[in-house]
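The values are calculated or read from the model by the stated rules, or taken from the named source; none is laboratory data. Quick caveat, the model's predicted, so the values are computed rather than measured. Cβ placement follows ideal geometry from the backbone for every residue including glycine, while neighbour counts extend to all protein chains displayed.
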Amino acid sequence: MGQTQTRVSSSDSAVDVSSNFDGIDDGPEKKYDLTLTDKVIAATGPNALPRLAQIMPSLIRHLHDFAREVDLTVDEWTAGVELINECGRMSDDKRNETMLLCDILGLETLVDEVTAHMVSAASASGASTPTSILGPFYRPNAPLLPNGASIVQDLTPSVPWYDEAVASSAYITGRVMSSSNPSTPIRNAIVDVWHTAPNGLYEQQDPEQPDMNLRGRFKTDGDGRFAFYCLRPVAYPIPDDGPAGKFLALLDRHPYRPGHIHFIVSGPGHRTLTTQIFDDCDEYITKDSVFAVKDELVVRFEPREGDSQAQWSLEYDFSLEPV
Ligand code: BEZ
Ligand code: FE
C-alpha cells in the first residue's frame, strides 16, 4: 500500500514517503526505521556468551525483517506471545508443549538435519542411517530383553485392541553395522525401540497399558544381529488438545503422524543414532504433521509365513558412524 502520511524521524534511514500516493507497496525498507535493528544488535555487550554473540544478530535481523515484511501489528504479536505463554503453562515433565509447537513448524526436524550434517561433514566414513527426531515419548531404561523376545506385554483377548494387535503382529530383525570402509558388524550394540499400541497411544499416555509396554532394548550378537517381536505401527495424532493443536486447527492442518517405530541405536566406538522407520502403506506417509519422514527410513513389511507369533516381518539394518 502506498503511504499517505509523513513519518518524522531523526534517523537517516527513516524515509519520507509523503509524496507516495500511487497505491504501490513501497516495501518494508521504505516504511520502517531500519536503524532499530542495528541498535538492538549493537546492544550486545563484549562479555556476552560467545555463541550467543555469534548467532543473535542473525536471529534479531530475521525477526525484525519478518515483522516488517508482514506488517505485524501489536494485536498479532500479542497473540503470538500468548501462544508461547500458553505452551509454557501447559508444559511439565510429562508434556513439552513448546517442543510440540516447534515440531509442527518443522523446527525439530530442521535442527536434527543441521546437527546430523555437521557431524557427518566432519566424518570420513561411508553412508550411515539417516537420523530422525526423538519426539517427546522416549523413556530411558526400557527392559533389556533377549533377542527374539516380544515387546508386547500381557496381550490377552480382554485388551480392547487385541484383534488389531494380532493382525499387526510383526517380527523385526536386522544388523547393526559400522559405516567404516569396509562395513563391519557391531557386536554388543544396543537397539532401543518404542512405538504406540494400535489405539495410537504410548504406554505413558494410556493407564490401561502395562508400564514399559511396547518398549525394549536388545543387544546385538557377534554378527551385529538383533531380533524382536512387536506390532506394525499405526498412524496417530500428536497431542492436539493444547495450544499447539489449536494452532494446527487455525492453520487448517491435521495432527497425524504416519505409523512409525522409534529407535536409538548405540554401539561401542560409534555415534549414537536416533531415528524412526515408517510404514510405506500408511496414508500419512507423505503428510507427517511433524515432517520427520525421510525416504531411506520408509520400509515395507512383508507377510510372514509359518510363525504363530507374527503376521508380518521386516529386515532392516542400521549403519552407525565411527567416532
Ligand atoms: C512422536 O513421534 O512420538 C512425536 C514426535 C513429535 C511430536 C509428537 C510426537
Ligand atoms: Fe512417535
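Identify the single condition in (1) surrounded by fewer than 19 Cβ atoms within 10 Å (Cβ to Cβ); (2) more than 15 Å from ligand 2 (Cβ to nearest atom) that Ile264 does not satisfy, given that it satisfies every other one.
(2)
What are the pairs with Cβ atoms under 6 angstrom where one residue, in the range 129-144, is touching a residue at least 40 places away in the same chain (Cβ under 8 Å) and not assigned by TED's automatic domain parsing to the domain that holds Ser179 and the other, located anywhere, is within 11 Å of ligand 1 (Cβ to nearest atom) and of a type in the set (D, E, K, R)? Sequence gap at least six, or different chains.
From the range 129-144, no pairs qualify.
Answer yes or no as to whether His260 is under 24 Å from Asp192 (Cβ atoms) and within 13 Å of ligand 1 (Cβ to nearest atom).
Numbers: under 24 Å from Asp192 (Cβ atoms): yes; within 13 Å of ligand 1 (Cβ to nearest atom): yes.
Here the answer is yes, as His260 does meet what is asked.
Name the one entry in Thr98, Thr109, Thr73, Thr131 that is of a type in the set (Ser, Thr, Tyr), more than 16 Å from ligand 2 (Cβ to nearest atom) and under 27 Å from the mean Cα position of the chain (by Cα).
Thr98
Considering only residues that are touching a Leu at 6+ places or on another chain (Cβ under 9 Å) and acidic (Asp, Glu), which ones fall in the range 293-317?
Listed by number, the list holds a single entry, Glu302.
Go through the range 275-292 residue by residue and tally those that are more than 12 Å from ligand 2 (Cβ to nearest atom) and surrounded by 21 or more Cβ atoms within 10 Å (Cβ to Cβ).
Residues in the range 275-292 being more than 12 Å from ligand 2 (Cβ to nearest atom) and surrounded by 21 or more Cβ atoms within 10 Å (Cβ to Cβ): 2 in total.
Go through the range 187-204 and report how many residues are on the phi > 0 side of the Ramachandran plot and within 16 Å of ligand 2 (Cβ to nearest atom).
Number of matching residues: 1.
Which residues, counting only those in the range 211-238, are in contact with a helix residue (DSSP H, G or I) (Cβ under 9 Å, 6 or more places away or on another chain) and surrounded by fewer than 17 Cβ atoms within 10 Å (Cβ to Cβ)?
Result: Asp211, Met212, Pro237.
Conditions (1) of a type in the set (D, E, K, R); (2) modelled with pLDDT of 95 or more; (3) touching a Pro at 6+ places or on another chain (Cβ under 8 Å), marked per residue:
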site: Asn47; (1), (2), (3): no, yes, no
site: Gln54; (1), (2), (3): no, yes, no
site: Glu69; (1), (2), (3): yes, yes, yes
site: Glu86; (1), (2), (3): yes, yes, yes
site: Cys102; (1), (2), (3): no, yes, no
site: Leu110; (1), (2), (3): no, yes, no
site: Ala121; (1), (2), (3): no, no, no
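If I filter the range 217-226 for residues that are assigned to a loop (DSSP other than H, G, I, E, B) and either within 12 Å of ligand 2 (Cβ to nearest atom) or modelled with pLDDT under 95 (or both), do I get at least one hit?
Just the residues of the range 217-226 that are assigned to a loop (DSSP other than H, G, I, E, B), to begin with: 220-224.
From the residues that got through so far, the ones that are either within 12 Å of ligand 2 (Cβ to nearest atom) or modelled with pLDDT under 95 (or both) too are none.
No, the range 217-226 contains no residue that is assigned to a loop (DSSP other than H, G, I, E, B) and either within 12 Å of ligand 2 (Cβ to nearest atom) or modelled with pLDDT under 95 (or both).
Are any of the residues in the range 170-185 surrounded by fewer than 20 Cβ atoms within 10 Å (Cβ to Cβ), outside any loop (DSSP other than H, G, I, E, B), modelled with pLDDT under 95 and touching a Phe, Trp or Tyr at 6+ places or on another chain (Cβ under 9 Å)?
No, the range 170-185 contains no residue that is surrounded by fewer than 20 Cβ atoms within 10 Å (Cβ to Cβ), outside any loop (DSSP other than H, G, I, E, B), modelled with pLDDT under 95 and touching a Phe, Trp or Tyr at 6+ places or on another chain (Cβ under 9 Å).
Could you identify the single residue in Asp288, Asp282 that is within 16 Å of ligand 1 (Cβ to nearest atom), touching a Gly at 6+ places or on another chain (Cβ under 9 Å) and part of a loop (DSSP other than H, G, I, E, B)?
On inspection, the qualifying residue turns out to be Asp282.
So is Thr184 polar (S, T, N, Q) and away from ligand 2 (no atom under 15 Å from the Cβ) or not?
yes
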